[in-house]
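Enquirer: Before I ask anything, here is the structure I am working with.
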Amino acid sequence: MQYNLSNIYNPELPQCLNDFLNYLGTIRGKSKNTQDGYQVDLTMFFRFLKIYRGIVKENYEFENIDISDINTDFIRKITLSDLYAFISFAENYRNNGNYARARKVACLKSFFKYLFSKAKLIDTNPALELESPKIDKRNPIYLSLKESKILLNSIDGKFKERDYCIITFFLNCGMRLSELCSINISKIKEDTLTVVGKGNKERTIYLNRACLTALNNYLEIRNKDYDKIKDKDALFLSKNHTRINKRSVEMMLKKYLKNAGLDSNKYTPHKLRHTAATLMYKYGNVDIRSLQKILGHENVSTTQIYTHVDDEQLREAVNSNPLSNEEE
C-alpha cells in the first residue's frame with residue numbers, strides 16, 4: 001500500500017519545522033490557513049538567517065535559498081538578537097507593517113516555545129523576551145444599516161436565491177467565510193446551525209426569521225437539481241453542483257457591492273462579519289459576553305473592538321446635554 005505523506009512531511013523544510021506544523025494541526029487544532037501562514041513566516045526566517053550568517057551571499061535569489069539542511073545545531077545557535085534582526089529585515093526589506101510584524105513575532109514565540117517545552121531541542125528559549133510591535137487599535141470597517149439593505153436589494157441573476165441566502169447569513173449571523181463555505185445541511189436543526197470555527201471548535205449559530213426565509217427559498221431552488229449535486233450535504237453549491245469555495249464567494253460579493261454602488265475594495269466577507277457584530281451590538285442591546293459567544297471569539301478582548309462609539313452617537317451625546325439649547 002502506498003501512502004501520500006505530503007500533508008505531514010515536506011522535504012523542502014527542516015525536520016523541526018515539519019514537526020512543529022504537525023503539532024499545530026494535530027495537537028493544537030490550528031486551521032490549515034494558520035499552518036500555512038506559520039510555514040511562510042518561518043521559511044522566510046530561516047532563509048534570512050542563512051544570509052545574515054553569511055552562509056549564502058546577499059545577492060542570492062531569496063526564494064531559492066534551501067533551508068532543508070537546517071539542523072539542531074543551527075537552531076541552538078539562534079539568539080534574541082537574531083530574532084530582532086529578522087523583524088527589522090521584515091520591516092525594511094519586506095515592507096511589513098506593524099500587523100504583519102506582530103504576526104511574525106507571535107509565530108516565532110510559538111515555534112521556539114514548542115522547541116523548548118515540547119520537542120526539548122533547545123535548552124533556552126531565545127523568543128521568551130521577544131517583544132511585539134505596538135499596534136494602534138482600529139475600529140472595524142462595516143456597512144451601515146442602510147448600506148446593508150442596499151446590498152441585499154442589489155442581488156439578482158441566475159443564482160439570486162443562493163447569493164441572497166449567503167449574504168443574509170453573513171449580515172445576520174456574523175460567521176466567518178470558511179464557516180459559511182463548510183456548512184452542511186445535516187447540521188441545520190430548525191433554527192440552529194452548527195459550524196466548525198477556528199481551532200476546529202464547534203459552535204451553535206441561531207438563525208433568525210430573515211435567515212430561515214432566505215434558506216427555505218434557496219433550498220427550494222437548490223433541490224430542483226438534486227440528482228446533479230455531487231456533495232449532497234453541502235449547503236451552498238457552485239454552478240458545477242460542488243461545494244462553493246471561498247474565492248467564489250469573495251468574487252460574488254464584489255460583484256454585488258459594485259451593483260449597489262459600494263466600495264468593492266473596502267468590503268470583504270470578513271467586513272460583513274464586522275457589520276453583523278456592529279449591528280447586533282448597536283441595535284440589539286447585546287452584551288459583550290453574548291457577542292463573544294455568537295462570534296466564536298476565544299478571548300473577549302477580540303470582541304471589544306465592536307464596542308466602539310461612532311460619530312453619530314458622539315454627536316447625539318453632545319446634543320443631549322441639557323445646556324445644548326442655552327444661548328447667550
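Enquirer: Do you know which residues across segment 260-280 are farther than 12 Å from Glu147 by Cβ and crowded, with 19+ Cβ neighbours inside 10 Å?
Expert: Of the residues in segment 260-280, the ones farther than 12 Å from Glu147 by Cβ are 264-265, 268-270, 273-274, 276-277, 280.
Of everything in segment 260-280, those that are farther than 12 Å from Glu147 by Cβ and crowded, with 19+ Cβ neighbours inside 10 Å turn out to be Pro269, Arg273, His274, Ala276, Ala277, Met280.
Enquirer: Then there's this: Tally time: how many residues in segment 18-36 are in contact (Cβ under 8 Å) with a residue 24 or more places away in the chain and basic (Lys, Arg)?
Expert: So the answer is 2.
Enquirer: Okay, moving on. Among the residues of segment 220-259, how many are farther than 22 Å from Leu151 by Cα and either of a type in the set (Asp, Glu) or not assigned by TED's automatic domain parsing to the domain that holds Asn153 (or both)?
Expert: 5
Enquirer: Mind checking whether some residue in segment 208-221 is surrounded by 15 or more Cβ atoms within 10 Å (Cβ to Cβ) and touching a residue at least 60 places away in the same chain (Cβ under 8 Å)?
Expert: no
Enquirer: Output the residues belonging to segment 181-191 that are surrounded by fewer than 22 Cβ atoms within 10 Å (Cβ to Cβ) and either under 23 Å from the mean Cα position of the chain (by Cα) or aliphatic (A, V, I, L, M) (or both). Reasoning before the result, please.
Expert: Taking segment 181-191 first, the residues surrounded by fewer than 22 Cβ atoms within 10 Å (Cβ to Cβ) are 181-182, 184-191.
Result: Cys181, Ser182, Asn184, Ile185, Lys187, Ile188.
Enquirer: Something else: Got a sec? Which helices (runs of 4 or more DSSP H) wholly within segment 183-284 have at least 3 residues that are modelled with pLDDT of 95 or more? Step through it out loud before you land on a result.
Expert: Details: elements: 209-222, 246-259, 269-283.
Hits in segment 183-284: 209-222, 246-259.
Enquirer: From the list Phe89, Phe111, which one is buried (at least 17 other Cβ atoms within 10 Å of the Cβ), under 14 Å from Leu17 (Cβ atoms) and not polar (S, T, N, Q)? Steps first, answer last, please.
Expert: Details: Phe89 fails: under 14 Å from Leu17 (Cβ atoms).
Among Phe89, Phe111, only Phe111 is buried (at least 17 other Cβ atoms within 10 Å of the Cβ), under 14 Å from Leu17 (Cβ atoms) and not polar (S, T, N, Q).
Enquirer: While we're looking at this one, here's another question. Can you tell me which condition Gly157 does not meet? The list is (1) of a type outside the set (A, V, I, L, M, F, W, C); (2) surrounded by fewer than 22 Cβ atoms within 10 Å (Cβ to Cβ); (3) in a helix (DSSP H, G or I), and all the others hold.
Expert: Only one criterion in (1) of a type outside the set (A, V, I, L, M, F, W, C); (2) surrounded by fewer than 22 Cβ atoms within 10 Å (Cβ to Cβ); (3) in a helix (DSSP H, G or I) is unmet by Gly157, namely (3).
Enquirer: Within 24 Å of Arg28 (Cβ to Cβ), in contact (Cβ under 8 Å) with a residue 60 or more places away in the chain and crowded, with 16+ Cβ neighbours inside 10 Å, is that true of Leu83? Show your work before the answer.
Expert: On the way: within 24 Å of Arg28 (Cβ to Cβ): yes; in contact (Cβ under 8 Å) with a residue 60 or more places away in the chain: no; crowded, with 16+ Cβ neighbours inside 10 Å: yes.
Against the criterion (within 24 Å of Arg28 (Cβ to Cβ), in contact (Cβ under 8 Å) with a residue 60 or more places away in the chain and crowded, with 16+ Cβ neighbours inside 10 Å), Leu83 does not qualify.
Enquirer: Hey, can you tell me all the residues within segment 37-60 that are without any contact (Cβ under 8 Å) to a residue 24 or more places away in the chain and among the hydrophobic types (A, V, I, L, M, F, W, C)? Outline the logic, then answer.
Expert: Residues of segment 37-60 without any contact (Cβ under 8 Å) to a residue 24 or more places away in the chain: 40, 47, 50-51, 53-60.
Passing the criteria: Val40, Ile51, Ile55, Val56.
The values are calculated or read from the model by the stated rules, or taken from the named source; none is laboratory data. Everything quoted here is computed from the prediction, not taken from an experiment. Glycine also receives a Cβ, built like all others from the backbone with ideal geometry; neighbour counts cover every protein chain displayed.
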